[in-house]
Amino acid sequence: LDQAYVKSPVAGQIIEVHARPGETVGSDGIATIGQTQQMMAIAEVYQDDIQTVEIGQSAVVTSPIIAEPLQGAVEQIGFQVERQEVVNEDPAANIDAKVIEVQVRLDEADSEKVAGLSNLQVTVTIETE
């Protein structure tokens with residue numbers, strides 16, 4: 001009976017179940033598990049603006065479904081220039097822009113507020129001096 005239980009190798013929140021009892025386990029595994037106690041926001045920063053971004057800079061994260069702005073700080077700046085993945089709703093926007101991925105670690109209290117909203121599209125404003 002002990003071998004019939006599935007145990008996660010890490011502590012976390014089950015985000016999505018991919019297989020239920022009796023189903024064949026596919027390439028996605030049984031479930032997606034996330035460590036939601038510390039949430040991150042991923043920002044795409046235009047390559048022309050990346051020189052103004054530094055580790056530790058304050059950032060504000062907003063979204064129409066979040067009641068108040070969330071506070072965070074730049075934790076990591078990517079090393080690779082990539083094509084923009086998030087498309088602006090403005091038809092005049094540059095959809096072929098080159099961007100660098102910047103990770104913003106949300107403050108602990110704000111992480112708790114959005115722990116159930118993984119993959120939420122947000123707007124990140126990195127505060128420069």
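The values are calculated or read from the model by the stated rules, or taken from the named source; none is laboratory data. Bear in mind that the values here come from a model prediction, so they are computed numbers and not experimental data. SASA here: full protein model, heavy atoms, side chains in, ligands and nucleic acids out. Shrake-Rupley method; radii C 1.70, N 1.55, O 1.52, S 1.80 Å.
Odds and ends about this structure:
- Relative contact order (%) - criterion: Cα under 8 Å, at least six apart; region: the chain: 29 percent
- Global geometry of segment 1-53, whether rounded, prolate or oblate, following the gyration tensor of its Cα atoms and the 1.5 cut on a/c: prolate
- Per residue, the solvent-accessible area of the chain (1.4 Å probe, heavy atoms of protein chains only, all protein chains present) comes to 74 Å².
- Each of [x] 77; [y] 61; [z] 66 is a candidate for percent of Cα pairs over 17 Å apart; the one calculated from this structure is [z].
- Taking every protein chain into account, the 1.4 Å probe leaves SER58 with about 60 Å² of accessible area, to the nearest ten.
- The chain: calculated mean residue ellipticity at 222 nm from DSSP helix runs of at least 4, using -39500 (n - 2.57): -1000 deg cm²/dmol
- Within the accessible area of the chain (1.4 Å probe), percent carbon and sulfur: 48 percent
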